[in-house]
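K.L.:
I am attaching a structure below and will ask some questions about it afterwards.
The values are calculated or read from the model by the stated rules, or taken from the named source; none is laboratory data. Model, not experiment: these values are computed from the prediction. Counting neighbours? That spans all protein chains shown, and the Cβs are built from the backbone with ideal geometry, glycine included. When the accessible area is computed, the model is the full protein with side chains, heavy atoms only, and any ligands, DNA or RNA have been set aside. Shrake-Rupley method; radii C 1.70, N 1.55, O 1.52, S 1.80 Å.
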Amino acid sequence: MYADITFRMTSKELFVETLRLERNDRIPLMLRDLTLGLDAANVPTDAVFGNTYDPELSAKSVLALQGMMGHDVTMGCISTYSLEAFGGITKYPSDGIPYVSGYPLAELEVLDSLVPEQIESDLLRGMRRSCEIVKERRPDLGLCVNVPGPMTMAGFFRGVEALMMDTIENPDVAKRIVEFSVDVISHEMRFLYDGIAEAVFLASATDNPDMIGDDQYLALSIDGVRRLTAEAHDDGILSIFHPHGVFSTDDRVDVLRASIDTGIDGFQFSEGNEPLGVLESCDGRCAIMGGVNAYSTLLLGPEKRIVRDTNRFLDDLADHHYIMTCSCSVNRGLPLENLKAMADTLHAFNEGRA
């Protein structure tokens, strides 16, 4: 386990103070581990997601990966979408990643019968209990709960292709689905973070201007992020937004600034962005997050390339309020030794700065 006993701040304090733009002398590492911990602990996916969610196995897996990588922030639990409560279907392959195979709003008429509070299911209670166990065992670590962003949750409810068609053929229906999704996210995040987390992470793969266009992004994603961030702040919780798409080009400056204007504390860019192009708008306004491409570099290696790319992000961002992540979540199947090469490079960098 990476524990620097000479460093007087805990990982949790480092994470929080970096997000608050209060320090930048040491770079925290946050790995958005949704299922990779299962590989670290050699636990089948369907052992956690059995007849009932197993919070002990989940917490064991989360902490097994943390022990290998030494990251400062965990997500507290092995994650899923929790949409079974609304009639959705999620599959849990024993050695794979959970995936949605049946959408609750495949038939739109169902929407009138659903209420956001349904999200507070036994599955979500199990995920929260895992977060509690992680916090009890490692109170020194930061804890950030993972929930979908507005269009991303709407895509889980409706199906992304159907939702995209709704935005074209029936925009009022699309708007209603997104608004309902934000209501659900609000309940989910508050249920998960209450009393145990420092931050909420809005995981927003479908909140992507490359996919839905700048206008739809501004109309359907931004208001929801603003509302969720304000609610989190009211509860004393920090907010991180991770939309996909390219934000580092000159033609996306206004879209990036609109994202930051929602009041978020951290903006994580995805693969395909130039960090300095994002930094220009984030600097002094919110922490910047991102790093090595999870889908190419971390997946395929080799180690030399991982170390080179990690150092490139450190060269560009280390003197700013930067939290290192990779470009997206880490899931089972990602080679553990590749992720460790990235983590070890950051740890060596921080030790050299001490």
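K.L.:
So if each residue of separation counts as 0.36 nm, and I subtract the Cα-Cα distance between E56 and A230, what length gain in nm does that give?
P.N.:
59.4 nm
K.L.:
While we're on this one: Number of Lys-Lys pairs in the chain under 20 Å by Cα, sequence gap 8 or more or different chains?
P.N.:
Count of close lysine pairs: 5.
K.L.:
If you roll a 1.4 Å probe over the heavy atoms of the protein chains, what accessible area per residue do you get for the chain, in Å²?
P.N.:
That works out to 39 Å² for each residue.
K.L.:
Over the Cα atoms of the range 6-103, Rg to Rh with Kirkwood Rh, two decimal places?
P.N.:
1.08
K.L.:
Okay, moving on. One-quarter of the Cα convex hull surface for the range 83-160, in nm²?
P.N.:
Dividing the Cα hull surface by four gives the mean projection, 6.5 nm².
K.L.:
Follow-up question, since we're still on this one. Around N338, what is the net charge, scoring Lys/Arg as +1 and Asp/Glu as -1 over all other residues with Cβ under 10 Å from its Cβ?
P.N.:
With Lys, Arg at +1 and Asp, Glu at -1, the net is 0.
K.L.:
When the convex hull of the Cα atoms of the range 76-207 is projected onto a plane and the area is averaged over all directions, what value comes out in nm²?
P.N.:
Projected area, direction-averaged: 8.2 nm².
K.L.:
Using all alpha carbons of the range 207-272, what is the percent of pairwise distances in each 5 Å bin, ordered from the shortest bin to the longest?
P.N.:
Computed distribution, short to long bins: 3, 19, 30, 26, 13, 6, 2, 0.
K.L.:
Give me Rg over Rh for the range 78-128, both radii from the alpha carbons and Rh done the Kirkwood way, two decimal places.
P.N.:
That ratio is 1.00, to two decimals.
K.L.:
Per residue, how big is the convex hull of the range 161-216 when only Cα atoms are used? Give it in Å³.
P.N.:
89 Å³
K.L.:
When the helices in the chain are scored as -39500 (n - 2.57) per DSSP H run of 4 or longer and the sum is shared across all residues, what 222 nm value do you end up with, to the nearest 500 deg cm²/dmol?
P.N.:
Value at 222 nm, helices only: -14000 deg cm²/dmol.
K.L.:
Thinking of the range 252-346 as a set of Cα atoms, what percent of all their pairs are more than 20 Å apart?
P.N.:
36 percent
K.L.:
Going 7 Å from the Cα of E161 along its beta-carbon direction, which residues of the range 100-114 have the amide nitrogen within less than 19 Å of the resulting point?
P.N.:
So the set is 100-108.
K.L.:
Compactness ratio of the range 292-346: Cα Rg over 2.2 N^0.38 Å, N = residue count?
P.N.:
Computed over Cα atoms of the range 292-346, the ratio equals 1.06.
K.L.:
Just M165, M68, M211 to compare: in a GNM of the chain, with alpha carbon springs under 10 Å, which one fluctuates most?
P.N.:
Residue with maximal mean-square fluctuation among M165, M68, M211: M165.
K.L.:
Could I ask something else about it? Just to be sure I follow: if Rg is taken over the C-alpha atoms of the chain and Rh is the Kirkwood radius over the same atoms, what is Rg/Rh?
P.N.:
With Rg and the Kirkwood Rh in hand, the quotient comes to 0.94.
K.L.:
Which of these, L31, L314, L192, has the largest mean-square fluctuation under a Gaussian network model of the chain (Cα springs below 10 Å)?
P.N.:
L314
K.L.:
Carbon-plus-sulfur fraction of the accessible area of the chain, 1.4 Å probe, in percent?
P.N.:
Summing carbon and sulfur atoms, their accessible area is 49 percent of the total for the chain.
K.L.:
Per 0.36 nm of contour for each residue apart, how much would the distance between D315 and E274 grow if the chain were fully extended, relative to their Cα-Cα spacing?
P.N.:
Additional length available on full extension: 13.5 nm.
K.L.:
Once fully extended, how much extra length lies between M9 and R285, figured as 0.36 nm per residue of separation less the alpha-carbon to alpha-carbon distance?
P.N.:
Gain on stretching M9 to R285: 97.0 nm.
K.L.:
In debye, nearest 20, what is the charge dipole magnitude of the range 103-187 about its Cα centre with +1 on Lys and Arg Cβ and -1 on Asp and Glu Cβ, if you could check?
P.N.:
It comes to approximately 580 debye.
K.L.:
Taking every pair of distinct Cα atoms and averaging 1/r, then inverting, what Kirkwood hydrodynamic radius in Å comes out for the range 168-322?
P.N.:
Taking the inverse mean of 1/r over all distinct Cα pairs, the range 168-322 comes out at 16.5 Å.
K.L.:
Among L256, L108, L336, whose mean-square fluctuation peaks in a Gaussian network model of the chain (Cα, cutoff 10 Å)?
P.N.:
Largest GNM mean-square fluctuation: L108.
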